[in-house]
Amino acid sequence: PEVTAENPFTDVPADTWYTDAVIWASENGITAGTSETTFSPTNSLTREQLATILYRYADTMGDNVAVSGNLNAYTDKDKVSSYAVTPMTWAVEHGIITGTTGTTLSPKATATRAQVATILMRYTAE
């Protein structure tokens, strides 16, 4: 898609392979920076960040992002950041993300490549 916004992030150079993708995701509300002016493009992604990005993308695409449940089955539900509660709940309800154990979500853990592949596969199958 065409990028129409200016690059809001000082740490995203104007000429990288990911510049337009970052600007597009930001201008469409799919992702935010790690601050008002930084994106931190080389940082790892947490499970809750991945759920949030996917949730916002699904919403942008017109998918059903309604949430009716909660994360009470997980002992670490209180570790989910406030911005990620609804996206994590949505991802769990739709079977896109499962716990790292039967009772833990590990929202702050880095999403492994295997987890990302599995989560994307589950989302596209939904």
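The values are calculated or read from the model by the stated rules, or taken from the named source; none is laboratory data. These numbers come from a predicted model, not from an experiment. Glycine gets a Cβ as well: all are built from the backbone with ideal geometry, and neighbour counts include every protein chain shown. The protein model used for the area step is the full one, side chains on, heavy atoms only, and it has no ligands, DNA or RNA in it. Shrake-Rupley method; radii C 1.70, N 1.55, O 1.52, S 1.80 Å.
Ignoring ligands, DNA and RNA, please state the percent of accessible area on segment 1-99 from carbon and sulfur, probe 1.4 Å. Write out the running numbers ahead of the final one.
Details: 2760 of 5640 Å².
Whole-percent figure for carbon plus sulfur exposure: 49.
On a 0 to 90 degree scale, rounded to 10, what angle separates helix 113-125 from the longest Cα axis of the chain?
Computed tilt is about 80 degrees.
DSSP loop chymotrypsin sites (Phe, Trp or Tyr not before Pro) in segment 1-81 with at most 12 other Cβ atoms within 10 Å of their Cβ, which ones?
Values: sites: 9, 17, 18, 24, 39, 55, 57, 74; in loops: 9, 17, 18, 39, 74.
Filter output for segment 1-81: 17, 18.
Rounded to the nearest 500, what is the 222 nm mean residue ellipticity of the chain from helices alone, with -39500 (n - 2.57) per DSSP H run of 4+ residues and division by all residues?
On the way: 4 runs with 45 residues, N = 126.
Here the helix-only value at 222 nm equals -11000 deg cm²/dmol.
Just one of [x] 40, 36, 23; [y] 44, 27, 26; [z] 55, 34, 25 is Cα extents along the principal axes in Å as worked out from the coordinates here. Which one is it?
Here the calculated entry is [y].
Relative contact order (percent) for the chain, with alpha-carbon contacts under 8 angstrom and 6 or more residues of separation? Mind dumping the intermediate values first?
Working: 136 pairs, mean separation 29.1, N = 126.
It rounds to 23 percent for the chain.
With the contact rule set at Cα under 8 Å and sequence spacing of 6 or more, what percent relative contact order holds for segment 66-117?
Numbers: 35 pairs, mean separation 21.7, N = 52.
Dividing the mean separation by the residue count of segment 66-117 yields 42 percent.
Provide the per residue accessible area, probe 1.4 Å, for the chain, rounded to a whole number of square angstrom. Display every interim value, and only then the final one.
On the way: 7410 Å² over 126 residues.
Heavy-atom accessible area per residue stands at 59 Å².
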